[in-house]
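Below you'll find the structure, written out as structure tokens, and then a few comments.
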Amino acid sequence: MRNQFTRLAVTLMLIAGFAAGALALVDSFTAPRIAKAKAEALQHALTEALPGAAAFKEDRKLLAAVKKKEREFAIVTAVYRAAASDGSPAGLVVTVTPRGYGGPIELMVGLRQDGTLAAVRVLGQSETPGLGSKIAEEDFLRGFRGAKAGERLAVNKDGGRINAVAGATISSRAVTQGVNVALALAARAGL
């Protein structure tokens with residue numbers, strides 16, 4: 001009985017070791033490809049958020065500075081400085097994650113160098129399909145264009161100019177909160 005137990009234990013350890021080795025081998029082949037795909041997706045999202053910008057560089061100093069000063073900026077996850085093709089400043093792209101009805105909503109907000117909002121892109125959300133998920137549609141996001149750094153926006157139900165998605169006020173307010181935080185950060189950055 002003891003020999004049988006030992007034999008089973010050794011067999012199980014060999015199978016586990018083989019499986020771990022196989023997983024490590026697969027990871028060594030796929031990790032660079034996954035990293036490249038993520039970098040390309042990020043570059044595409046940045047370009048959509050701030051059309052016309054040629055290069056983007058993450059600004060961790062600005063992110064750390066604003067997060068340290070005010071709680072409002074806790075939802076900011078990344079800040080990118082954008083440059084035009086001639087190297088001149090083109091604006092900022094701010095990634096924020098406000099909390100919606102179904103969970104966090106990941107947004108990318110592009111702001112031109114003159115402080116005007118260029119575009120808002122929804123990178124990820126888990127809002128109610130057919131209702132809250134409409135926050136990712138261009139009809140809703142178009143309402144934010146032209147907002148200025150430092151401006152405070154609100155949905156129409158709260159007396160503002162942003163038309164909330166019907167039946168999804170919580171989701172609409174969350175996106176508006178995220179955009180407001182990006183506009184406030186742009187004002188702090190001098191746009």
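What to note about this one:
- Projected onto its three principal axes, the C-alpha set of the stretch 19-114 covers 54, 38, 26 Å, listed from the longest axis down.
- Measuring between their Cα centroids, the stretch 1-72 and the stretch 147-181 lie 34 Å from each other.
- For the chain, accessible area per residue (1.4 Å probe, heavy atoms of protein chains only), Å²: 58
- The stretch 40-88: GluC sites (Glu not before Pro) in DSSP coil with no more than 16 other Cβ atoms inside 10 Å: E70
- The stretch 112-126 - phi-based ³J(HN,Hα) in whole Hz, Karplus 6.51/-1.76/1.60, Gly and Pro as x: 6, 4, 7, x, 8, 6, 8, 6, 10, 10, 8, 8, x, 6, 10
- For the chain, fraction of C-alpha pairs farther apart than 20 Å, in %: 61
- FRET efficiency, S28 to R142 (Cβ-Cβ, R0 35 Å, nearest 0.05): 0.20
- Taking Cα atoms only, the orientation of helix 169-188 departs from the longest principal axis of the chain by about 70 degrees.
- For the chain, the 222 nm mean residue ellipticity estimated from helices alone, with every DSSP H stretch of n ≥ 4 adding -39500 (n - 2.57) and the total spread over all residues, rounds to -15000 deg cm²/dmol.
- Solvent-accessible area of the chain (1.4 angstrom probe, protein heavy atoms only): carbon and sulfur portion equals 58 percent.
- Relative to the longest principal axis of the Cα atoms of the chain, helix 60-69 runs at roughly 70 degrees.
- Distance in nm between pseudo-label sites at A16 and E72 (7 Å out along the Cβ direction from Cα): 5.3
- Under 27 Å from the Cα of K148 - lysines, other chains or at least 8 residues apart: K57, K61, K67, K68, K69, K134, K157
The values are calculated or read from the model by the stated rules, or taken from the named source; none is laboratory data. As the structure is a computational prediction, the values presented were derived from the model and not from experiment. Heads up, the Cβs are rebuilt from the backbone with ideal geometry, glycines too, and the neighbour counts pull from every protein chain shown. All accessible areas refer to the heavy atoms of the entire protein, side chains included, with ligands and DNA or RNA removed. Shrake-Rupley method; radii C 1.70, N 1.55, O 1.52, S 1.80 Å.
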